[in-house]
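Report on one structure; see the data block that follows.
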Amino acid sequence: MWIYDKKLQYPVVVRDTNPRLAKYLMEQYGGADGELAAALRYQNQRYTIPDKIIGLLTDISTEEFAHLEMIATMIYKLTKDATPEQMKEAGLGEHFVSHGHALFYNNAAGVPFTAAYIQAKGDPIADLYEDIAAEEKARATYQWLIDISDDPYINDSLRFLRERENVHSMRFREAVEMLKEDQVKKTIF
Amino acid sequence: MSEEQRKLMHELQIADFNVIEWDLYMHTHPDDLEGCQKLYEKTTYAKKIRKHYEALYGPLTNLTPRPCDQASCTPWPWQV
C-alpha cells in the first residue's frame, strides 16, 4: 500500500504564467519517457523480478510518483491563471476545449498516454535494460526541457529531476551486475 | 505558509531525501556496513525533523494522530 505524504520531494517555485512551457512539460507528465510511464513500468515489473531487486523497483517507482507530482505542480501553476486566449497562443487551445484548466496525461504534442509505451517481459535482464534506457531517455528529455526553458525557477527543479534520472540509471546498472554475478556463480546442488 | 514553516518544510525535504538516496544505494550495496550505518542515522534524523514539523503544523500523513479540534496547517503542495 501507499501512504500520501503532504509535501513535494523537492520545492517547485512558479512565478509567472507560462502555458507554452507547461505544454512542453507535458512530455514528462503523459509522454512515452515521462514520470507516469516510469512509475507504472517499475511498479508492474516488481512481481517477476528476482527478490534482491524488488526493493529497488519499489522505491524507484514510488519516487517516480513523487516526480509526477512535481511536474503536475509545475503545469498546474504555469497554466492556472492563463486566459483562453493565452492557452490558444501557446498551442493549448485544443487542450483547453477538452480539459479547461485541468491536467491530463498527454504528451507535449497532445497525444494521450498509452500503456503501449511500457513493457514487462518477465525476463529480469530484458526488463532492467528497458529501465536503464527509460532513465536515459527521461534524462535527455529533461536536458531538452532545460535548454528550451528560460525560467530559472523551473529549471532549478528540472535539474534536480535530471540528476535523479542519472542516479536511478546507475542503480539499475548495478542491479544488472548483481544478476550477472549470480549467473556465473558456480553453485553445487 | 510562514517563512519559519517553509524553512522547516525544506529541512524535512532534505532529511527525507537523504533517506531515499541511501535506501536506493543500499539495495545494490547490501554488504556496505558504513552505508547501513549512514542510512540508520539519516532515517533517525528525518524522523526527528518530521516529529518536530508535525507538532507545530499538523500531520503530513494519515498515520499521525490528529486531534479533532486541530486543522492541518500544511497546504496542498501545488497550492503553496
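The table that follows gives values for the structure above.
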read-out: A:ALA90 long-range amide H proximity, modeled H, under 5 Å; value: none
read-out: Assigned charges on the beta-carbon of Lys, Arg, Asp, Glu; chain A dipole about Cα centre (debye); value: 240 debye
read-out: Contact surface A-B: accessible area buried, both sides summed, square angstrom, 1.4 angstrom probe; value: 2300 Å²
read-out: Gyration tensor (alpha-carbon) shape descriptor, the protein assembly as shown, a/c threshold 1.5; value: oblate
read-out: Residue-span extension gain [A:THR62 to A:MET170] - 0.36 nm each, minus C-alpha spacing; value: 37.2 nm
read-out: List B:THR74, B:THR61, ordered by accessible area with a 1.4 Å probe, largest first; value: B:THR61, B:THR74
read-out: Inter-part distance where the range A:45-92 and the range B:1-24 are each reduced to a Cα centre, Å; value: 20 Å
read-out: Per-residue [θ]222 nm for chain A (sum of -39500 (n - 2.57) over DSSP H runs n ≥ 4, rounded to 500); value: -21000 deg cm²/dmol
read-out: Heavy-atom accessible area order for B:TRP22, A:TRP2, B:TRP78, A:TRP144, largest first, 1.4 Å probe; value: A:TRP144, A:TRP2, B:TRP78, B:TRP22
read-out: Dipole-positive endmost among B:PRO65, B:TRP78, B:ALA46 within the range B:3-79 (Cβ charges, Cα centre); value: B:PRO65
read-out: 0 to 90° range, to nearest 10: angle between helix A:152-184 axis and chain A longest Cα axis; value: 20 degrees
read-out: Average accessible surface area per residue within the protein assembly as shown, 1.4 Å rolling probe, Å²; value: 54 Å²
read-out: Rounded if a/c under 1.5, otherwise prolate or oblate - the range A:19-155, Cα gyration tensor axes; value: prolate
read-out: Neighbourhood net charge (15 Å Cβ-Cβ; Lys/Arg +1, Asp/Glu -1) for A:PHE113; value: -3
read-out: 222 nm mean residue ellipticity, helices alone, for chain B (DSSP H n ≥ 4; -39,500 (n - 2.57); rounded to 500); value: -22500 deg cm²/dmol
read-out: Neighbourhood charge, 13 Å Cβ-Cβ cut-off, centred on A:MET26 and excluding it, Lys, Arg +1 and Asp, Glu -1; value: -2
read-out: Dipole magnitude of the range A:1-88 about its Cα centre (Cβ charges: Lys, Arg +1; Asp, Glu -1), debye to nearest 20; value: 200 debye
read-out: Cα shape, the range A:112-189, gyration tensor, a/c 1.5 rule; value: oblate
read-out: Of A:LYS80/B:LYS7; A:LYS6/B:LYS48; A:LYS6/B:LYS7; A:LYS52/A:LYS121; A:LYS52/A:LYS137; A:LYS7/A:LYS137, pairs whose Cα-Cα distance is over 20 Å; value: A:LYS80/B:LYS7; A:LYS52/A:LYS137; A:LYS7/A:LYS137
read-out: 15 Å Cα-Cα reach of A:LYS180 towards aspartates and glutamates, excluding residues that sit fewer than 8 places from it in its own chain; value: A:ASP51, A:ASP123, A:ASP127
read-out: Most to least accessible of B:HIS27, A:HIS67 (protein chains only, probe 1.4 Å); value: B:HIS27, A:HIS67
read-out: Contour minus Cα-Cα distance for A:TYR153 and A:THR187 (0.36 nm per residue); value: 6.8 nm
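The values are calculated or read from the model by the stated rules, or taken from the named source; none is laboratory data. Owing to the predicted nature of the structure, the values given are computational and were not obtained by experimental measurement. Positions of Cβ are generated from backbone atoms using ideal geometry, with glycine treated the same way; all protein chains shown enter the neighbour counts. Please note that ligands, DNA and RNA were not included when accessible areas were found on the heavy atoms of the full protein model with its side chains. Shrake-Rupley method; radii C 1.70, N 1.55, O 1.52, S 1.80 Å.
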